[in-house]
Structure formats: C-alpha cells, structure tokens
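Just so you know, all these numbers are worked out from the coordinates, no wet-lab data involved. Bear in mind the structure is a predicted one, so any value in this text is a computation, not a measurement. Quick reminder, even Gly has a Cβ in these numbers, built from the backbone with ideal geometry, and neighbours come from all protein chains shown.
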Amino acid sequence: MTKKELLYEGKAKRLFTTDDPDLLIAEFKDDLTAFNGEKHSEEQGKGALNNKISSELFKLLDNTGIPTHFVDMLDENHMLVKRVDIILIEVVVRNIATGSLTRRLGIEDGKKLPFALVEFYYKRDDLGDPLINDEHCLILDLVKNEADLEELKRLGREINTILKAFFRKKELNLVDFKVEFGYDRDGKIVLADEISPDSCRFWDIKSGEKLDKDRFRQSLGGVKLAYEEVLKRIMTK
C-alpha cells in the first residue's frame, strides 16, 4: 500500500489517500504542540512511539468489541486506517481532576472523581476547541441525531473501563484522555485518530510521575523517555 495525495495535515499526523478509496495512510509526525498550537517543538522519534502505542491500543480495543478505524501498522511512522467522516466532537473522559477541569471548576488537582466524567469539545482550532453540550452538538449538526450523542458517551465510557483496567495492571493511572470518532461507509460510529501519550494523561501509580504530553506542556523535560516508558509497559506481559 503506497501513499498518494495528501488529504489532511493536523498537528500530529498527515493523512494520505491510497489506491483503495476506503483506506487511508496516517503518518505520525514528531511535532509536539500545546495550548492550541501556541507552544510548538519537535521530539525525534515521538511519531514512531505514538504510532506503535496507538496500534497496540487499537488492537486491544478491537479485540474487546470496540469498533475502530485501525487496519494495520505499516512501518515505524505509518498506519493503515479505514476512511471515515470525522465527527467534529472531541470526547474527553476524566477519572482524576487535573488540567482545564481544575481551572474551570476549582476541583482540587489530583482528586479522584466519583465517576467517569464525559465532556464534549468542538473540534475547531480557530475557536480554541470550546467545551460544548448536547444541545450545541445538535444545533451545529455535528451528529445525525441524539442517539449518536449517547453512543459517543457510551463508547467513551466503555473505552475508559477497558483502558483503565489495562493500565492499572501496568501500574499506571489513566487520568483522562481525548478520543475522536467518525462515521464509516455504513454510517456506523467507529473510534478514529489515535490513543497515545499525546491524547492521554498517565501517572505512575506509585510515584505519581507524569508520563505523557504534560511533560512538554509544563516544560518538565524527558518527553521521549516518558513515551518510551509507556510503550515498554504496554508491551510487558
């Protein structure tokens, strides 16, 4: 399978068409961005790490009944995926309060939430990806109907249940994560984009050490080492 035309370029990936109209190739970039692109850098090898991590987690979720766009990992930086129409809603699931949640609501940083909190954000860089509610989603025609919103919430919670248990065995707390979904050619909602330390927060259960993009956001250093540690734990049986 070979790359053809560049279809889309985002902060962390490029999408290319292939000879098959139903398949795309995702190229993972080494770029690091934060605060809606205001902070930018590069970390050599980061793209390859996210590709491998995402591939392993997509396979895990596929095997537990979560529909995804993942087909195969082609090489170090490239993933073969099903073509989907991306839903312009970022689904954020939170288990522990930190980041924007603590800033918005004054909840103590590090406080374990009584249940998994699911939030929607409008996937619009020019607007700063604002927090939105169900009614906003319907007014903006981001989904076909209310049932699709409920499906996004259900899938978000189910993914959380699977990944939280998986990472606990790896001695990592899944603090929160962002996922994106799309409609496949049959109109079914499937998990898309990526699942990596770029889109998840991982804290070591014993030390509380942050092993995710917060190391870049907060200028802690050791970004690549943190991502390598996450991959190492994922691959450890």
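Each residue of the range 185-197 is assigned a 3J(HN,Hα), and the resulting list reads 5, 9, x, 7, 7, 10, 5, 10, 6, 8, 9, 7, x Hz, derived from the Karplus form 6.51 cos²θ - 1.76 cosθ + 1.60 (θ = phi - 60°), x at Gly and Pro. Of the GluC sites (Glu not before Pro) found in the range 86-163, those that fall in a DSSP loop while having at most 11 other beta-carbon atoms within 10 Å are E108. Converting phi to 3J(HN,Hα) with the Karplus coefficients 6.51, -1.76 and 1.60 and the offset θ = phi - 60°, the range 85-96 yields 8, 5, 7, 7, 10, 8, 9, 10, 10, 10, 10, 10 Hz in sequence order, with x at every glycine or proline. Estimated at 0.36 nm per residue, the fully extended path between S207 and D129 surpasses their Cα-Cα distance by 24.9 nm.
Taking springs between alpha-carbon atoms closer than 10 angstrom, which of L155, L113, L191 fluctuates most in the Gaussian network model of the chain? Result: L113 has the largest fluctuation of those listed. Ordering M73, M79, M1 from the fewest to the most neighbouring beta carbons within 10 Å gives M1, M73, M79.
Restricting the GluC sites (Glu not before Pro) of the range 162-231 to loop positions (DSSP other than H, G, I, E, B) with no more than 14 neighbouring Cβ atoms within 10 Å leaves E171.
Using every pair of separate Cα atoms, the Kirkwood estimate puts the hydrodynamic radius of the range 149-237 at 14.1 angstrom.
Using the Cβ-Cβ distance between L60 and Y8 with R0 set to 30 Å, the FRET efficiency works out to roughly 0.70. Working note: 222 nm ellipticity from helices only, DSSP H runs with n ≥ 4, each -39,500 (n - 2.57), summed and divided by the residues of the chain, gives -9500 deg cm²/dmol to the nearest 500.
Each Cα pair under 8 Å and six or more residues apart adds its separation to the average, and for the range 15-89 the resulting relative contact order is 31 percent. Counting neighbouring Cβ atoms within 10 Å and putting the fewest first, the residues R94, R103, R157 line up as R103, R157, R94.
Here the range 96-131 is scanned for amide nitrogen atoms under 15 Å from the site 7 Å beyond the Cα of L140 along Cα-to-Cβ, giving 119-131.
Take every pair of alpha-carbon atoms less than 8 Å apart whose residues are at least six positions apart; their mean separation over the length of the chain yields a relative contact order of 18 percent. Each of K169, K210, K144 was scored by other Cβ atoms within 10 Å of its Cβ. Listed from fewest to most, they are K169, K144, K210. Excluding residues on the same chain fewer than 8 positions from K153, give the aspartates and glutamates whose Cα lies under 16 Å from its Cα. Here the aspartates and glutamates satisfying the reach criterion relative to K153 are E90, E119, D134, E135, D176, E180.
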